[in-house]
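The next block holds one structure in the form of structure tokens; read it before the comments.
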Amino acid sequence: MIPEITTFNDYIKQWDEASRDPAGYFEKIARSFTWKKNWEKTLEFDLKEGHIAWFKGGFLNITENCLDRHLAERGGQPALIWEPNDPREKNCVLTYRQLWSQVCRMASGLKKLGVKKGDRVCIYLPMIPEAAVAMLACARLGAVHSVVFAGFSPTALADRIRDADCSVLITADGFSRGDKSVPLKRLADEALQVCPSVRHVVVVSRSQPYAIQSAREVGWTDLLERGEETFPAEPMEAEDPFFILYTSGSTGKPKGVLHTCGGYMVWAGFTLRNVFQTRPGEIFFCTADVGWVTGHTYGLYGPLLNGLTTVFFEGVPTWPHPGRLWEIVEKYGAQVLYTAPTAIRALEMLGSEIPDRYAMPSLRVLGSVGEPINTDAWLWYHRHVGKERCPIVDTWWQTETGGILISTLAGVTPSVPAWATLPLPGVQPVLLDEEGREVPNEAAHTQGYLCLKSPWPGMMRSVFGSHQRFVDTYLRRFPGYYFTGDGALRNAQGHYRIIGRVDDVVNVSGHRIGTGEVEDALNMHDLVTESAVVGMPHPVKGEALHAFVLCPPSQDVSQGLKKELQDLVAQKIGRFAVPEKIFIVPGLPKTRSGKIMRRILRKILAGERDLGDTTSLLDPAVVETIRQTVWANQ
Ligand code: WTA
């Protein structure tokens, strides 16, 4: 069993030990997993160069740790419970043995298609059990999966397939979320027109029986049937690539965050067990989609590594009724519910009487992830969902960090509304000032750029296809540190509170969106000369996107253009990235060197009269015209 931290003193002791001797500490943790061959060197790193290696020379396969290892003791226990979008449809339960068997067959089927260790496989699926099987099957044979959220558009999918040079795409005919249906295969086909690297397309029949349309297509069930009953897990070196997951950054092009096999496994298993204080056999309900990192680490790999039952939910929290989440918690007797502040705020607005109708006696721990949780939402979650008896863990982490870095350990370390609180063992956060100096811990509250000064096992290793981009994005701004892109506060007890992004990334409903990506999409419109996108606080979504679009003065700019621009963003990225408001303006506030001063746009949107120093603007008069446009359109 993965070692556990059980008391506050134990936490302090282990955090100290891991900081003094990370290699010694994580060697002990890693030994609780199954390895095919022991590692030769526990840790080697040079943060300036972006060289990080954990458990070098060790061989493992994560699926043996997620599945094979449990078969003797819990082969008949549910590994995954799938709750469909429509509650009238039958759910599906896969025991550890059944999941193992499907994974073996699919790995074998994929191998028969020619997929081998190191090849990239793109997975573009809704939240169905096949998504879990597909990911684990790739892991079993050593292929690198790149899961693309099914809400992404064909263009975004194509960009990701091409960047990773995927040879196989696994998708589904279509699916529904709430009352909306998505013709997924049609979207995939559109993307595939520009993806010559894809040799095979595996199609799951999700909404209706799917008839194969071309020689490169193969049905999911056919492939399963073609697969052998057992499939030996490929030995993976600890630092072999495990998966790629694309994420937005401050530049337009999304980055393929690369995780490796050994460190990620150890971190996923270790953090889940300790943050949520789980026991094998418990029911773990993480509402995140597998298209995001939370769905990877705490929807799939972490729960299975710990012998839990994971609940996969295909739908949305409010459909067909606003008590759906609470109903699912009760239906399966979940001990842990892990969701995002956006969902909590949206459910809070529907009224407390809804969760009050559900006692949810099984619940033991509540989790929050993806964005800062405000005190009101925290208290509501605590009262109406946790019935004041479940600790809340506000877990701070990123796609890049592989798993949770700063969080309360449920019932073990203090839980404070709106504070992520303390770092896990092996995590050494620091706050840096503009010049890169560590802000000392003297004052009651200190604030700065949140950085990490040593590597932990789950840390990303590179940006797929461009190691230099990894170094430039995360390691160059403050040499010797990993820069998170977040700003944070620290109090005298050493607790952290995450304020939010300090770069051009906006967090809308827990989805990270690079403003540059949205601007690139808007600028593709023939009438748009230039655009600037900013994030503004939003009562439910956390933040919302607002776009300022510059068009040539002679153009007749009508409502029609706004609609076209919204469609363009939906087409290039996905619906979730469509700006809430679009303002068509005659100019943008630029400095003499041509940089757009977004700060001014945010202040105008907030209705602030005092815009601060605007003397560096090339044309200060532009501010007034923008203000008028905003007023006229709000
Ligand atoms: C934000 C999601 C405040 C943060 C796991 C981070 C949070 C970004 C929290 C990563 C939290 C995540 N409190 N902010 N508990 N958790 N964030 O890559 O800005 O989708 O940098 O990973 O979400 O988002 P990502």
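So the values come out like this:
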| item | result |
| --- | --- |
| Residue in the stretch 240-262 that is among the charged types (D, E, K, R) and touching a Gly at 6+ places or on another chain (Cβ under 6 Å) present | yes |
| From VAL540, VAL528, VAL533, residue being without any contact (Cβ under 8 Å) to a residue 40 or more places away in the chain and in contact with a helix residue (DSSP H, G or I) (Cβ under 6 Å, 6 or more places away or on another chain) | VAL528 |
| Among residues of the stretch 568-581, those that are part of a strand (DSSP E or B) and open to solvent by 10 Å² or more (accessible area, probe 1.4 Å), counted | 1 |
| Test for VAL518: is it outside the structural domain of ALA420 (by TED's automatic domain parsing) and open to solvent by less than 10 Å² (accessible area, probe 1.4 Å) | yes |
| All positions within the stretch 582-620 that are in a loop (DSSP other than H, G, I, E, B), in contact with a Lys or Arg (Cβ under 6 Å, 6 or more places away or on another chain) and open to solvent by less than 50 Å² (accessible area, probe 1.4 Å) | LEU611 |
| Subset of the stretch 11-43 (residues that are outside any helix (DSSP H, G or I), open to solvent by 20 Å² or more (accessible area, probe 1.4 Å) and in contact (Cβ under 8 Å) with a residue 12 or more places away in the chain) | SER32, THR34, TRP35, LYS36, LYS37, ASN38, TRP39, GLU40, LYS41, LEU43 |
| Boolean, LEU125 is in contact with a strand residue (DSSP E or B) (Cβ under 6 Å, 6 or more places away or on another chain) and surrounded by fewer than 22 Cβ atoms within 10 Å (Cβ to Cβ) | no |
| Qualifying residue in the stretch 300-314 (condition: within 22 Å of PRO372 (Cβ to Cβ), over 17 Å from the mean Cα position of the chain (by Cα) and in contact (Cβ under 8 Å) with a residue 60 or more places away in the chain) | no |
| For GLU438: the one exception among (1) out of contact with any Leu (no Cβ under 7 Å at 6 or more places or on another chain); (2) without any contact (Cβ under 8 Å) to a residue 12 or more places away in the chain | (1) |
| Condition broken by LEU99, with the remaining ones in (1) surrounded by 22 or more Cβ atoms within 10 Å (Cβ to Cβ); (2) part of a loop (DSSP other than H, G, I, E, B) satisfied | (2) |
| Which numbered condition HIS321 fails, given (1) surrounded by fewer than 22 Cβ atoms within 10 Å (Cβ to Cβ); (2) touching a Lys or Arg at 6+ places or on another chain (Cβ under 8 Å) | (2) |
| Qualifying positions in the stretch 405-421 - farther than 20 Å from ASN374 by Cβ and either within 13 Å of the ligand (Cβ to nearest atom) or crowded, with 22+ Cβ neighbours inside 10 Å (or both) | LEU405, LEU409, THR413 |
| Among the residues listed as TRP292, TRP267, the single one being open to solvent by less than 10 Å² (accessible area, probe 1.4 Å), at pLDDT 95 or above and more than 21 Å from LYS117 (Cβ to Cβ) | TRP267 |
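Yes/no matrix, rows are residues, columns are (1) within 14 Å of the ligand (Cβ to nearest atom); (2) closer than 18 Å to LEU422 by Cα; (3) part of a loop (DSSP other than H, G, I, E, B); (4) touching a residue at least 12 places away in the same chain (Cβ under 8 Å):
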position: VAL471; (1), (2), (3), (4): no, no, no, yes
position: PRO479; (1), (2), (3), (4): no, no, yes, yes
position: ASP486; (1), (2), (3), (4): yes, yes, no, yes
position: GLY494; (1), (2), (3), (4): no, yes, yes, yes
position: ILE499; (1), (2), (3), (4): yes, yes, no, yes
position: ASN507; (1), (2), (3), (4): yes, no, no, yes
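The values are calculated or read from the model by the stated rules, or taken from the named source; none is laboratory data. Computed from a predicted model, the values in this text were never measured in an experiment. A quick note on method: Cβ atoms are made from the backbone with ideal geometry, for glycine too, and the neighbour counts reach across all protein chains shown. Each accessible area value is taken on the protein alone, full model and side chains, heavy atoms only, with ligands, DNA and RNA left out. Shrake-Rupley method; radii C 1.70, N 1.55, O 1.52, S 1.80 Å.
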